[in-house]
Amino acid sequence: AQSVTQLGSHVSVSEGALVLLRCNYSSSVPPYLFWYVQYPNQGLQLLLKYTSAATLVKGINGFEAEFKKSETSFHLTKPSAHMSDAAEYFCAVSDQRSNSGYALNFGKGTSLLVTP
Amino acid sequence: DTAVSQTPKYLVTQMGNDKSIKCEQNLGHDTMYWYKQDSKKFLKIMFSYNNKELIINETVPNRFSPKSPDKAHLNLHINSLELGDSAVYFCASSQDTGIFKLDFGQGTRLTVV
């Protein structure tokens, strides 16, 4: 099964500082990778996805992620944090769960705190 | 219009009761899913349907029974609720079974007392 590991369950940054959320994947095939954000008491919103096209993927709200096969990583970055970025962030990988079905396997999440 | 909508948003019930959660998507997608998010925010796939056919059935208690009357609707019925069933249940949909993107509902917070 394909899986992802998110390093750091909590990350704290100052407003205006670089955001770096780490995700490493384990996959026997070229993976499809995703980053989702969850604001309190809300559903998950897709930030960006990698589906084997460009290795640098740009998403919404100024986030981007780079697929690095040599490091099996798909880290999420944003140059300058805003207070509104405070949320839970999930890395996910597409995984075949049956002959005809795929699902997303999620990491355990990273809670991003942004301080003034 | 909400793309993936779940009802109810909150559900508080006693142990032993039976309850249902409903999900509808207006995106024209063929595939729908139920995920469970536990108290540590870990998300785990439970079921998936493609055009009314069950295609993913993870290891969950038989007390959980999904039903898809048509490809736009996926309901989750839970019998004999237990304390450990307390969680947030998310419905999601994708264009097809290949998963290039999942659209999630707002979640149903189930509390069993």
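The values are calculated or read from the model by the stated rules, or taken from the named source; none is laboratory data. Computed from a prediction, not measured in an experiment: that's the story for all the values here. Positions of Cβ are backbone-derived with ideal geometry, glycine not excepted, and every protein chain shown enters the neighbour counts. In case anyone asks, the SASA skips ligands and DNA or RNA and just uses the protein heavy atoms, side chains included. Shrake-Rupley method; radii C 1.70, N 1.55, O 1.52, S 1.80 Å.
Assign unit charges at the C-beta atoms only (+1 for Lys and Arg, -1 for Asp and Glu), then state the dipole size of the protein assembly as shown relative to its Cα centre in Debye, rounded to the nearest 20.
Value, rounded to 20: 220 debye.
Between residue A:68 and residue A:46, the simple label model (points 7 Å from Cα in the Cβ direction) yields a spacing of 2.6 nm.
The A-B contact accounts for approximately 2000 Å² of buried accessible area, totalled over both chains at a 1.4 Å probe radius. Taken over region B:22-77, lysine pairs spaced eight or more positions apart, or on distinct chains, with alpha carbons under 26 Å apart number 17. Shown for region B:45-95: the carbon plus sulfur share of the solvent-accessible area, taken with all protein chains present and a 1.4 angstrom probe, equals 47%. Kindly provide the trypsin sites (Lys or Arg not before Pro) of region B:34-83 that DSSP labels as loop, not H, G, I, E or B, and whose Cβ sees at most 13 other Cβ atoms within 10 Å. In loop regions of region B:34-83 (DSSP not H, G, I, E or B), the sparsely surrounded trypsin sites (Lys or Arg not before Pro) are B:40, B:63.
Distance from the Cα centroid of region B:37-74 to that of region A:38-65 is 24 Å (rounded to whole angstrom). When nucleic acids and ligands are ignored and a 1.4 Å probe is applied, residue A:75 ends up with an accessible area of around 40 Å². Measuring with a 1.4 angstrom probe and ignoring ligands and nucleic acids, residue A:100 comes out at about 60 Å² accessible.
Accessible area per residue for chain B is 49 Å², calculated with a 1.4 Å probe on protein heavy atoms, without ligands, DNA or RNA.
Can you quote the Å³ per residue value for the convex hull of the Cα atoms in chain B, rounded to an integer?
Numbers: hull volume 10.5 nm³, N = 113.
Spread over its residues, the Cα hull of chain B gives 93 Å³ apiece.
Say R0 is 35 Å: what FRET efficiency, to the nearest 0.05, do residue B:58 and residue A:80 get from their beta-carbon distance? Approximately 0.30, to the nearest 0.05. Prolate is the label for region A:1-115, because the ratio a/c of its alpha-carbon gyration tensor axes (a ≥ b ≥ c) is 1.5 or higher and a/b is greater than b/c. Using alpha carbons only, the radius of gyration of region A:77-116 set against its Kirkwood radius gives Rg/Rh = 1.21.
For chain A, the solvent-accessible area works out to 47 Å² per residue, with a probe of 1.4 Å and every protein chain left in place.
Distances longer than 20 Å among the Cα atoms of the protein assembly as shown: what percent of all pairs is that?
On the way: 15458 of 26106 pairs.
Roughly 59 percent, once rounded to a whole number.
Only four residue types carry charge here, +1 at the Cβ of Lys and Arg and -1 at the Cβ of Asp and Glu. Report the dipole size of chain A about the Cα centre in Debye, rounded to the nearest 20. Spell out each step's value before the answer.
Numbers: 8 positive and 7 negative charges, 48 e Å.
With only Lys, Arg, Asp and Glu charged at Cβ, the dipole is about 240 debye.
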